[in-house]
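Presented below is the structure to which this report refers.
The values are calculated or read from the model by the stated rules, or taken from the named source; none is laboratory data. Worth saying up front: this structure is predicted, and the values here are computed from it rather than measured. Note that each Cβ is placed from the backbone with ideal geometry, even for glycine, and that neighbours are counted across all protein chains shown.
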Amino acid sequence: MPSPYRLLCGLIHAFPGESKLGTDDSAELNRFLDGPKPGGGVYPWGDRSTSNTNPYNPGEIPNTGITRQYDWTVTNTTMSPDGVKTPMIVANNQFPGPMIEANWGDWIEVTVRNELENDGTSIHWHGFLQTGTPWYDGVSTVTQCPIAPGTSFTYRFRAELFGTTWWHGHHSSQYLNGLSGPMVIHGPATSEWDIDLGPVMLTDWFHAHYEDLLDQVYHSSRDGPILPPMANNMLINGKANYPCSKTDKECTKNAGLSTFKFKTGKKHLLRLINHSAEAVLFFSIDGYNMTVITHDFVAVEPYRTDMVTLGVGQRAEVIVKGGDDATEAVWMRLEEGPSGLGDEGTTGCSLNDGVATGARAMIFYEDADHSVKPKSKSHVDASRFLYPSACANDALDIAVPSYKMNISDPEVTLDFTLSGGNNATGEFVWYMNNETFMGDFNDPVLLDAVVGANEFPDERRVFNMGNAKSVRIIMHSVGLPASHPMHAHGHNMHVLAEGNGEWDGEIVNESNPARRDVQLIRPNGYLVIQLELDNPGMWRKFYLILLSSRNSITDISFQLSTATSHGTLPKA
Ligand SMILES: [Cu+2]
């Protein structure tokens with residue numbers, strides 16, 4: 001049964017809202033924003049480089065003293081990003097949502113006005129450390145109460161790290177209906193470019209309200225065989241076409257594809273962001289190699305590849321060198337491969353209904369005819385999208401963090417087994433060590449901690465790290481044959497090892513291990529990470545975004561710890 005507000009609400013908007021991303025009007029980004037340059041010189045970050053400054057030390061990052069302010073209104077609406085009329089939840093009527101842009105060291109302030117008809121909301125700023133501002137992490141039930149309808153909440157936090165990230169609704173699974181957008185923090189880089197083409201938002205896409213998708217997740221397993229929701233389409237910068245014969249919903253043909261402009265001989269920066277509900281994504285440009293310069297918010301030594309793999313929440317900045325034919329047009333491709341419920345050898349890593357297992361965007365050089373679609377062919381063999389080998393990030397030693405950090409033995413080691421199954425009432429939930437997270441919208445655990453609580457109900461899954469300075473976490477995934485994006489709030493993770501089966505104790509690049517804020521754990525595989533506990537707060541850790549959880553924090557969400565880092569919580 002649709003809930004009443006879905007029938008009552010809804011300004012009708014035609015095509016993809018008011019975002020310019022992926023259109024010919026999309027502006028190229030400057031190398032940095034106007035503003036203070038505290039160190040003098042050309043850049044707001046002075047002579048800091050990716051390798052000479054510890055970004056995890058607030059005393060070392062640029063003190064620009066400037067605040068970038070944003071004012072958003074969140075509403076229910078209806079849009080048709082791929083031509084199919086879909087219930088949406090958006091900020092400022094835009095999908096993809098408004099871009100936040102700042103320089104390294106700036107403060108960011110966002111007032112969020114909740115004008116949803118009948119739903120709370122909150123916004124998470126993915127990848128930000130929130131040092132000293134843990135209450136602005138945006139996770140309802142953990143760091144705040146939901147913002148009630150008709151009220152507003154102002155987030156204020158510092159751009160301690162630089163690069164490309166995204167913001168998204170973190171109240172239940174609202175972001176699946178469009179409540180997400182890109183964030184660009186200008187800073188130094190390990191390789192330079194000529195033209196910054198800005199964010200490339202990549203996602204799977206569902207033509208249903210998020211609550212209906214969640215219902216399907218819970219109840220499918222109770223009433224019969226597990227048949228979770230299948231993605232209907234894929235979008236690049238919020239755009240794709242859809243074959244209208246495949247849906248009984250209101251549908252307009254040829255809704256339109258995203259376009260990008262290349263210039264001959266120039267180096268183009270693309271800021272890739274996977275904002276999917278569930279999909280492991282494969283990104284390529286026909287006939288081109290890409291130079292990868294970041295993994296999430298971590299600058300890495302540049303490396304070349306012909307395809308980038310991104311789990312949900314992961315980002316990569318890539319530089320693509322333009323060719324010399326000014327009339328060329330080529331396809332940019334997003335693929336997720338076949339749906340992940342088939343037989344081994346023909347099955348993929350993600351779930352889709354088979355109608356659209358990929359999306360394309362058009363890249364035109366300066367003299368190319370925009371009315372003619374590219375004719376290029378993919379250089380990526382479809383075997384590279386298959387389970388199980390494709391359902392993993394690239395090898396850990398491929399990306400070496402530019403700012404070197406070695407690790408020492410941890411003070412605490414935790415071991416978790418990840419699984420999924422039906423709970424006592426038959427609902428499908430994810431488990432860590434056979435426990436699942438349940439939050440209370442009226443009682444966020446950070447608030448409890450600030451007023452002095454040391455004890456939490458078991459189902460809050462709070463692991464108090466006391467005064468420990470570091471923790472190693474060993475995870476095993478068992479049972480369901482799927483990979484899971486594991487994400488830590490408030491910290492970057494040292495990724496020590498990942499693979500199939502059991503960990504043999506070996507650490508990859510021990511003197512400077514891979515570092516990022518999301519890492520895929522393979523189907524039936526292991527993942528070993530380590531955190532420096534230098535950031536007091538209540539941090540949501542290691543939830544599965546896959547399938548049922550979909551980043552939801554209600555009774556299906558799955559949370560390892562909201563670890564209280566050592567030290568004293570900052571006072572509100
Ligand atoms: Cu996050």
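Here are the numbers for this structure:
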{"read-out": "Residues satisfying the stated conditions in the stretch 167-200, i.e. within 16 Å of the ligand (Cβ to nearest atom), under 19 Å from I89 (Cα atoms) and not in a loop (DSSP other than H, G, I, E, B)", "value": "W167, H168, G169, Q174, Y175, L176, S180, G181, P182, M183"}
{"read-out": "Filter result for D394 (at pLDDT 95 or above, assigned to a loop (DSSP other than H, G, I, E, B) and surrounded by 15 or more Cβ atoms within 10 Å (Cβ to Cβ))", "value": "yes"}
{"read-out": "Unmet criterion (only one of (1) more than 17 Å from P410 (Cα to Cα); (2) within 16 Å of the ligand (Cβ to nearest atom)) for N524", "value": "(2)"}
{"read-out": "The one condition in (1) small (G, A, S); (2) at pLDDT below 95; (3) at positive phi that A279 fails to fulfil", "value": "(3)"}
{"read-out": "Any pair with Cβ under 6 angstrom, 6 or more apart, that starts in the stretch 479-495 at a residue that is within 11 Å of the ligand (Cβ to nearest atom) and ends at one that is β-branched (V, I, T) and part of a loop (DSSP other than H, G, I, E, B)", "value": "P485/V312; P485/I545"}
{"read-out": "Condition met for R315 (within 16 Å of the ligand (Cβ to nearest atom) and among the basic types (K, R))", "value": "yes"}
{"read-out": "Number of the exception - E498 against (1) touching a residue at least 40 places away in the same chain (Cβ under 8 Å); (2) of a type in the set (D, E, K, R); (3) farther than 30 Å from C391 by Cβ", "value": "(3)"}
{"read-out": "2 or more residues among the charged types (D, E, K, R) and more than 16 Å from the ligand (Cβ to nearest atom): qualifying strands (runs of 3 or more DSSP E) within the stretch 79-139", "value": "107-114"}
{"read-out": "Matching residues in the stretch 150-160 - criterion: being buried (at least 21 other Cβ atoms within 10 Å of the Cβ), outside any loop (DSSP other than H, G, I, E, B) and not basic (K, R)", "value": "Y155, F157"}
{"read-out": "Flag for I147 being away from the ligand (no atom under 16 Å from the Cβ) and either crowded, with 24+ Cβ neighbours inside 10 Å or over 22 Å from F463 (Cα atoms) (or both)", "value": "yes"}
{"read-out": "Qualifying strands (runs of 3 or more DSSP E) (wholly inside the stretch 268-342; at least 1 residues being surrounded by fewer than 21 Cβ atoms within 10 Å (Cβ to Cβ), assigned by TED's automatic domain parsing to the domain that holds N352 and more than 17 Å from the chain's Cα centre (by Cα))", "value": "290-295, 298-305, 315-321, 329-335"}
{"read-out": "Options W205, W193; residue that is under 30 Å from K261 (Cα atoms) and buried (at least 24 other Cβ atoms within 10 Å of the Cβ)", "value": "W205"}
